[in-house]
Amino acid sequence: MKKLISAIIPCYNEEAVLPLFFEKIVEVADSMSDEADFEFLFVNDGSRDKTLQLLRDFSKREPRARYFSFSRNFGKEAGMLAGLKNCRGDYAAILDADLQDPPGYFVEMFHILEEGEYDCVNLYREDREGEGKIRSFFSNAFYSVYRKITGIQLRSGARDFRLMTRQVVDCVLSLEETNRFTKGIFSWVGFNTKWIGYKNVERAAGTTKFSFRSLIKYSVSGITSFSTMPLSIASGVGIVCCLVSVIIALYFAIKTLIFGDPVAGFPTLVCLMLLIGGIQLLCIGILGSYIAKTYMETKQRPLYFIKESSDDKKE
Ligand code: UDP
Ligand code: MG
């Protein structure tokens, strides 16, 4: 029996690059047709351009192509989840539509999984050529802070492009949290992962869908989803502040008692008040972000709505 590989492709306003991508992935699938079957599962994440029309057209032309279209933009995480939930493959992989995850790697990834020793094969970028300096700096800083805080071994430059077995897919799906940070989830579920490094490829066409702001938001949410250490840090800072204030109080008390110096403390007082007030607000903020997370989780809202899918038509 030939194995079925599901290629999951989240797409958001990708009209510029989709035709090219489709051509490439069909080519790869054809070249592997002796050893594996493919299904291409496109998830249209509420695009406002011609993406959906293109996907409809692909699924008409190509029996291996399927698509799901969301009722609005729900984000890439939701797209990946919908893809994993609906894929039928023995193996599944997620890849970007912009050809930054070269579909050609399917051949190598598939062979590694077939050997049976590994459960996942994951691509990572060895360099960040073509990416802004500031973005690279923050990105690298994020990965090292992330590893320290959460203890989750995220590889710097890890892509979402990984081919995994059905068993891994089912484990990933069994995590029902609303705040999904897929990179962390992949690592958290365990299994043997083989890492393949490759040179960064620039987007084939179109523009990035992630602003710097959205990446910062995503990073913070990635940390709070996997660790409560920031809460402990907040408590730690609180304790240190208390200790320091006791020491300062003692220092002034002794100074006054022994030297009879009146404390001319107005500026000191203002500074201390501001410092402690600031720290308190920061800690409340951290606490608040966790409460907010809990609040969102308890709502148990669906993560996306599918408005239209190729399956409606085929069956
Ligand atoms: N994407 C998505 N929903 C979004 C944003 C992005 O499905 O809200 C998809 C996008 O179409 C692409 C992939 O996620 O296939 C990665 O996006 P992009 O290439 O813009 O990110 P970058 O490579 O710049 O980090
Ligand atoms: Mg990209």
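The values are calculated or read from the model by the stated rules, or taken from the named source; none is laboratory data. On a predicted model such as this, the values are computed, not experimentally measured, just so you know. Here Cβ is always computed from backbone atoms with ideal geometry, including for glycine, and neighbour counts include all displayed protein chains.
Looking at region 93-118, which of the residues that are away from ligand 1 (no atom under 16 Å from the Cβ) and of a type in the set (Gly, Ala, Ser) is farthest from SER310 (Cα to Cα)?
Within region 93-118, the match that is farthest from SER310 (Cα to Cα) is GLY116.
List pairs: first residue in region 185-214 and closer than 15 Å to GLY157 by Cα and free of Cβ contacts under 8 Å to residues at least 40 places away in the same chain, second residue in a strand (DSSP E or B) and near ligand 1 (Cβ under 10 Å from one of its atoms) anywhere in the structure, Cβ distance under 7 angstrom, at least six positions apart or on different chains.
none
Output the number of residues of region 94-126 satisfying the condition of being part of a loop (DSSP other than H, G, I, E, B) and either over 21 Å from LEU154 (Cβ atoms) or within 15 Å of ligand 2 (Cβ to nearest atom) (or both).
So the count comes out to 10.
Mind telling me which of the residues ILE196, ILE279, ILE286 ends up being away from ligand 1 (no atom under 16 Å from the Cβ), in a strand (DSSP E or B) and either under 26 Å from VAL145 (Cα atoms) or within 19 Å of the chain's Cα centre (by Cα) (or both)?
Only one candidate qualifies: ILE196.
Just to be sure, is SER69 among the polar types (S, T, N, Q) and either surrounded by fewer than 16 Cβ atoms within 10 Å (Cβ to Cβ) or more than 16 Å from ligand 2 (Cβ to nearest atom) (or both)? Don't jump to the end; show me each part of the working.
Values: among the polar types (S, T, N, Q): yes; either surrounded by fewer than 16 Cβ atoms within 10 Å (Cβ to Cβ) or more than 16 Å from ligand 2 (Cβ to nearest atom) (or both): yes.
So SER69 passes the test.
Restricting to region 226-263, name every residue that is under 37 Å from the mean Cα position of the chain (by Cα) and farther than 23 Å from LEU281 by Cβ.
Within region 226-263, the subset under 37 Å from the mean Cα position of the chain (by Cα) is 226-241.
Hit for region 226-263 is PHE226, nothing else.
Of the residues SER144, SER139, which single one is buried (at least 16 other Cβ atoms within 10 Å of the Cβ) and in contact with a Ser or Thr (Cβ under 8 Å, 6 or more places away or on another chain)? Show your work before the answer.
Numbers: SER144 fails: buried (at least 16 other Cβ atoms within 10 Å of the Cβ).
Selected residue: SER139, the only one of SER144, SER139 that is buried (at least 16 other Cβ atoms within 10 Å of the Cβ) and in contact with a Ser or Thr (Cβ under 8 Å, 6 or more places away or on another chain).
Consider ASN179 carefully, then state whether it is at pLDDT 85 or above and either under 23 Å from ILE5 (Cα atoms) or within 14 Å of the chain's Cα centre (by Cα) (or both).
no
Considering only residues of region 32-59 that are of a type in the set (Gly, Ala, Ser) and touching a helix residue (DSSP H, G or I) at 6+ places or on another chain (Cβ under 7 Å), which is nearest to ligand 1 (Cβ to nearest atom)?
Out of the qualifying residues, it is SER59.
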